[in-house]
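The block underneath contains the structure these notes are about, expressed in structure tokens.
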Amino acid sequence: MDDMYGSDEEYYNGEYEDDYDRDPEPESDDDLSCGKAPSCRVIRKESLLAAQKEDLQRVVDLLSLKEHHARTLLIHYQWDVDKVFAIFVERGKERLYVEAGITLEEQNDNPSSDPSTEYTCEICFEDFPDEQTTLMECNHRFCNDCWTEYFIVKINDGKSRRVTCMAQKCKAICDEGKIRDLVTAKDPNLAEKFDRFILESYIEDNKRVKWCPSVPHCGNAIRVEDDEYCEVECACGQQFCFNCSCELHSPCSCVMWDLWLKKCDDEAPTVNWLSEKTKHCPKCHKIVEKDGGCNLVQCICGQPFCWLCGEATGFEHTWNSISGHTCGRYKETHLKSEDSVEDYWRLTHYYRRYKAHIDSLKIEASESKKKILDKVHSLEAKEFQLKDFSWAMSGFHRLALSRRVVACSYPFAYYYFGDLFANEITKEEREIKQNLFEDQQQQLETNIERLSMFLEEPFGNYAEDKLVETRMKIITLSTVTDDLCKNLYECIDNDLLVPLQQATHTIVRYRSNGVEKASEL
């Protein structure tokens with residue numbers, strides 16, 4: 001096969017040649033390829049009430065409501081303050097309240113009335129004095145025992161965030177203060193559970209807030225201030241996609257990622273075994289099992305082919321290459337007439353490359369990081385003029401970020417160039433877009449491997465002049481891979497997804513500095 005690294009000059013393409021003559025500029029804080037970075041905050045158990053109060057106060061101040069009415073509004077509109085304000089402006093206060101189940105009618109309670117007055121509860125049909133009944137804001141009155149039992153059932157069923165009145169066809173939401181008082185008198189522990197449900201509704205019903213998916217759970221939640229399509233890092237160190245709460249998967253959309261995980265769960269074991277142990281002959285399509293070390297194999301039908309890519313070849317080969325083929329790019333010639341064979345070839349092509357990068361990412365995270373730190377410590381002990389060795393770890397972080405990007409680009413390609421959008425793009429359009437995408441993907445992949453190669457060099461033992469040269473190569477490659485990641489995201493977003501107007505396949509914006517760490521509330 002061709003040498004994947006080639007010459008040392010290939011990774012510039014002339015575009016970054018001046019970088020060898022000057023030190024790199026520091027990375028900008030504005031690390032999005034487009035738009036504003038979505039800020040995010042950590043909500044801990046002790047700051048949850050303050051976070052809820054912050055939104056409640058905005059609604060209370062604007063609409064001059066009691067706090068429990070403001071909470072009812074926000075729970076109904078999923079804690080979207082902007083939506084509450086928009087409906088208030090467009091439809092008016094009365095429509096806003098009715099849709100949320102808020103009643104602001106004057107109650108029939110008369111403080112000067114005779115306290116001996118009795119009321120008939122329309123639930124149990126027994127008579128009770130005034131102090132043993134409760135009147136809600138919708139002017140429906142029932143005995144305290146019936147109210148209490150009703151509230152207890154709702155709380156135990158987990159439906160206590162919006163408890164409607166017991167009266168038939170009444171959609172008014174009961175006063176949470178009265179619910180709390182009645183339940184506390186019967187079961188204080190259940191009242192605490194009610195308070196917890198009300199408090200946690202800020203997370204459970206809020207599209208801008210998600211629990212951290214860490215296992216075991218750290219107890220934190222994350223709130224984003226702007227775009228919910230973002231990748232965040234909790235204070236506990238857990239990184240995840242905010243929109244779907246899954247592991248990081250951009251530039252693959254959440255829908256595609258969910259399909260990919262299910263596909264891998266169902267078929268990965270078979271794919272792993274088949275891809276490692278067997279290949280289909282490109283001539284007769286029979287399964288061939290490799291039993292030697294050479295990557296030039298021959299089927300029983302007499303056809304020689306490359307074990308790595310499966311393409312038919314001649315018999316001639318050297319230590320470095322097999323003539324007449326390339327291995328890096330997916331080709332339609334792999335596809336066979338039968339649907340099952342076609343699916344097998346496509347899945348194995350994309351899955352093997354995805355898995356190879358994920359495995360490399362894990363190895364680099366567990367082993368390469370320690371080796372780089374050891375080399376940096378070795379350099380710091382030497383009396384070189386060069387004192388700043390942060391470029392080594394910066395290169396490592398760039399490698400990890402870029403490695404994950406290119407790995408997740410394979411599930412995206414599997415679905416985008418498969419059947420998912422078959423009715424929306426023609427075969428000719430698909431071929432053009434696939435060539436454009438694979439050009440970007442292959443450039444990124446090549447430079448990632450170059451960066452990995454230089455980071456693995458024993459530069460901790462280099463003389464200073466050779467160290468300076470290696471430093472500039474790592475810095476330049478870090479810049480190149482960053483730009484290529486941006487280009488790949490822009491290709492996916494602008495050239496592939498936007499023309500299809502696929503809102504369900506929105507991807508996260510690219511951040512040069514990686515996943516945004518949530519700040520404390």
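The values are calculated or read from the model by the stated rules, or taken from the named source; none is laboratory data. Everything quoted here is computed from the prediction, not taken from an experiment. Please note: Cβ atoms are built from the backbone with ideal geometry, for glycine as well, and neighbour counts cover all protein chains shown. Note: areas computed on protein heavy atoms with side chains; ligands, DNA, RNA excluded. Shrake-Rupley method; radii C 1.70, N 1.55, O 1.52, S 1.80 Å.
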Overall form of segment 452-508 per C-alpha gyration tensor (a/c, 1.5; a/b vs b/c): prolate
Tell me which of Leu199, Thr134, Asn189 sits at the most positive position along the dipole axis of segment 119-207, charges placed on C-beta atoms (Lys, Arg +1; Asp, Glu -1). Leu199
What's the magnitude of the charge dipole for segment 375-487 around its Cα centre, counting Lys and Arg as +1 and Asp and Glu as -1 at the beta-carbon? Answer in Debye, nearest 20. 320
Sites Leu62 and Asn487, calculated FRET efficiency, Cβ-Cβ separation with R0 35 Å, nearest 0.05: 0.20
Extent of segment 119-207 along each principal axis, from alpha carbon coordinates, in Å, largest to smallest? 44, 28, 19
Solvent-accessible area, 1.4 Å probe, carbon plus sulfur percent, for segment 47-100: 49
Please report, as a whole percent, how much of the solvent-accessible surface of segment 119-207 comes from carbon and sulfur atoms (probe radius 1.4 Å). 45
Please list, by residue number, everything in segment 156-197 whose backbone N is under 15 Å from a paramagnetic label point 7 Å out along Cα→Cβ of Tyr119. 165-168, 174-175, 178-179, 182
How much length is gained if the chain between Asp226 and His397 is pulled fully straight, taking 0.36 nm per residue apart and subtracting their Cα-Cα distance, in nm to one decimal? 59.0 nm
Along the Cα-to-C-beta direction of Lys193, a point sits 7 Å from the Cα; which residues of segment 139-155 have their amide N less than 17 Å from that point? 148-155
Once the Cβ-Cβ distance between Glu94 and Val498 is put in as r, and R0 is 51 Å, what FRET efficiency do you end up with, to the nearest 0.05? 0.80
In Å and from the alpha-carbon atoms only, list the Rg and Dmax of segment 47-100. 10.4, 34
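Work out, step by step, the length gained on full extension between Thr426 and Asp82: first 0.36 nm times the residue separation, then minus their alpha carbon distance; give nm to one decimal.
Extra length from Thr426 to Asp82 when fully extended: 119.8 nm.
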Measuring from label point to label point, each 7 Å out along Cα→Cβ, what is the Gln303 to Met453 span in nm? 3.3
What FRET efficiency comes out for His377 versus Glu247 if R0 is 30 angstrom and r is the Cβ-Cβ distance? Round to the nearest 0.05. 0.45
How long are the semi-axes of the equivalent ellipsoid of segment 371-509, taking √(5λ) for every eigenvalue λ of the Cα gyration tensor, in whole Å from largest down? 40, 12, 11
At 1.4 Å probe size, with every protein chain present, just tell me what the per residue accessible area of segment 47-100 comes to in Å². 50
Just subtract the alpha-carbon distance of Lys362 and Lys53 from 0.36 nm times their residue separation and send over the number in nm, one decimal. 107.0 nm
Report the label-to-label distance for Lys186 and Lys207 in nanometres (one decimal), using points 7 Å from each Cα along the Cα→Cβ vector. 3.6
When ligands, DNA and RNA are left out and all protein chains stay put, how many square angstrom of accessible area per residue does segment 157-285 have with a 1.4 Å probe? 48
